[in-house]
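Novice: I'd like to ask you about the structure that follows.
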Amino acid sequence: MHERTALKPQTQCQPWCTDHHSGGPDDAQCRNRVITSHGQTVMVQDAEDTRIWVFTNEPDLTIAAAEQLAYSLLAQVAAARTAVAA
């Protein structure tokens, strides 16, 4: 399992951050979660990097469900790239 390093308190959240956590075991993390009917993607930033986690509710997806999940993943990648370019 990848060990996460907490954001420093003075670190600014990325523009895509919709769910900021401070305190607790992760100390501080910026997150953006997109929930679809068949799964979710969660973009997380800590002091080290930005990662996207993909969770599905079923072991296999219909084409429509896979497309929905893929679009949410692509939207998060675009948001992360836009934040890096800014």
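Any read-out appearing in this document is the output of simple, stated calculations on the displayed coordinates, not a laboratory observation. The shown structure was predicted, so the numbers you read here are calculated from the model rather than taken from an experiment.
Novice: Skipping prolines and chain starts, which residues have an amide H placed within reach, meaning under 5 Å, of the one on His20, given they are 5 or more residues away or on another chain?
Specialist: Under 5 Å from the amide H of His20 lie the amide H atoms of Arg31, each far enough along the sequence or on another chain.
Novice: Pull out a ≥ b ≥ c, the square roots of the eigenvalues of the alpha-carbon gyration tensor of segment 21-85, then state rounded if a/c is under 1.5, prolate if not and a/b is larger than b/c, and oblate in the remaining case.
Specialist: Since a/c reaches 1.5 but b/c is at least a/b, the shape of segment 21-85 is classed as oblate.
Novice: Just want to confirm a number: the relative contact order over segment 21-85, from Cα pairs under 8 angstrom separated by 6+ residues, in percent.
Specialist: 24 percent
Novice: Multiply the residue gap between Ser37 and Thr82 by 0.36 nm, knock off their C-alpha separation, and tell me the result in nm, one decimal place.
Specialist: Between Ser37 and Thr82, full extension yields 13.6 nm more.
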